[in-house]
1. Would a scan of segment 85-96 turn up a residue that is within 18 Å of the chain's Cα centre (by Cα), modelled with pLDDT under 95 and surrounded by 14 or more Cβ atoms within 10 Å (Cβ to Cβ)?
2. Counting only residues that are open to solvent by 10 Å² or more (accessible area, probe 1.4 Å) and either over 16 Å from Y266 (Cβ atoms) or aliphatic (A, V, I, L, M) (or both), how many does segment 334-349 have?
3. So which residues in segment 157-168 are under 24 Å from N118 (Cα atoms) and either open to solvent by 10 Å² or more (accessible area, probe 1.4 Å) or of a type in the set (V, I, T) (or both), if there are any at all?
4. Which of the numbered conditions does A291 fail, given that it passes all the others? Conditions: (1) surrounded by 21 or more Cβ atoms within 10 Å (Cβ to Cβ); (2) of a type in the set (G, A, S); (3) within 22 Å of A65 (Cβ to Cβ).
5. What's the number of the condition D215 fails, among (1) acidic (D, E); (2) at pLDDT 95 or above; (3) more than 24 Å from the chain's Cα centre (by Cα)?
6. Considering only residues that are among the acidic types (D, E) and more than 30 Å from V307 (Cβ to Cβ), which ones fall in segment 150-195?
7. Within segment 8-113, considering only helices (runs of 4 or more DSSP H) that don't extend past its boundaries, which have at least 3 residues that are farther than 28 Å from A176 by Cα and of a type in the set (V, I, T)?
8. Any chance segment 353-366 includes a residue that's in contact with a strand residue (DSSP E or B) (Cβ under 6 Å, 6 or more places away or on another chain) and in a strand (DSSP E or B)?
Amino acid sequence: MTQFTTRTTSPFRYDIVGSFLRPQELKDARAKFSQGKISQAELTEVEDQCIIDLIHKEEAAGLKAVTDGEFRRSYWHLDFFWGLQGVKHVNLKHGYFFHDEETRNDSAQVIGKISGENHPFVNYFKFVRDHVSHGTQVKQTIPAPAQFLEELIRPENQESVKEVYPNLADLDHDVAKAYHQVIEDLYAAGCRTLQLDDCTWGISVNNFANLKRKDPNANTSQLKELQERFLQVNNEAIADLPDDLTINTHICRGNYHSTWAAAGGYGPVADTLFAQENVNAFYLEYDSERAGGFEPLAKVPDNKYVVLGLITSKTGDLEDPEVIINRIKEAAKFHPLDHLCLSPQCGFASTEEGNILTEEQQWAKINLVKDIAKQVWD
């Protein structure tokens, strides 16, 4: 029988991405707060209790690394951007356009030099740190630096960027430096597992596919240059950090109210993302044909981990375990089985709206991930 390495740090053989469905109590409190009916202190009290309850459920489900479910956020990414210095919360004419619907229209704009001191997410981490059981790890999720650049690239946001940063190289450096500051502060607070959530690569493969569909001979050099820019800002942000800080990344094609934003296999970004991003593991969306095949996994260095997101978080229907096991075996043709793990393809609520499934179905999905992982790696 094959002996597999026992995982003691993230990623674990059965794992999660990070966000969970918001309890109705929390949704109600956030609505009352937005209407001015309760104070920030009263909202925080509800958030605290809901997060404590979630931690207990995560530990009961056997998860080795837990999150706060992103319960203090409205979005998986924008709330983090708003916590940086030199950034403000704005509302644009439109939100993001997903396959079936348009999101809310919140965004982030630059109003001054960007820096990362006193970020509220550090205190969010401390709260979870102080409420987990001994031996349970806390995974802090934040959007990748490249994701912030992607937000600033939106046409509506470019003018404000140019006013503060005429030289885009200065922008990229300040973004990386700000992230580095936040990460150092998280580390000082005890964080040893950090996950960079990143949709930029999914957007890139989607743009590549669309360009090639319109013109098979199209010049893709601009897309390649953008990939290099995203890679550089991500790697600069996580350079020169302590060796005992595990940094992973999650790659997604959009997850909003069970809809998606992009499609296309990982091939067009594999030589950049998989081969060169200096992370420990890649959590990869693989729950539908939109993600393409496993062949690009051959570009991931053998000593790094791939977490196969084969279980969808977009619906409550449970996958056939045998089908998933066979897909894991297929993936192992391109990356060592000992360096593979399993998780849902994304969180269950990347925004506070949440995906279209019940809380019971959410936990059934996590139990399915655990059961399959035990069959494959135990």
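1. Looking through segment 85-96, at least one residue is within 18 Å of the chain's Cα centre (by Cα), modelled with pLDDT under 95 and surrounded by 14 or more Cβ atoms within 10 Å (Cβ to Cβ).
2. 4
3. Passing the criteria: S160, V161, V164.
4. Of the numbered conditions (1) surrounded by 21 or more Cβ atoms within 10 Å (Cβ to Cβ); (2) of a type in the set (G, A, S); (3) within 22 Å of A65 (Cβ to Cβ), the odd one out for A291 is (3).
5. Every condition holds for D215 apart from (2).
6. Across segment 150-195, the qualifying residues are E156, E159, E163, D170, D174.
7. Output list reads 40-60.
8. No, the conditions are met nowhere in segment 353-366.
The values are calculated or read from the model by the stated rules, or taken from the named source; none is laboratory data. Keep in mind that this is a model prediction, so the values were computed, not measured. All Cβ positions, even for glycine, are placed from backbone atoms using ideal geometry, and neighbour counts span all protein chains on display. What goes into the accessible areas is simple: the full protein's heavy atoms, side chains included, and nothing from ligands, DNA or RNA. Shrake-Rupley method; radii C 1.70, N 1.55, O 1.52, S 1.80 Å.
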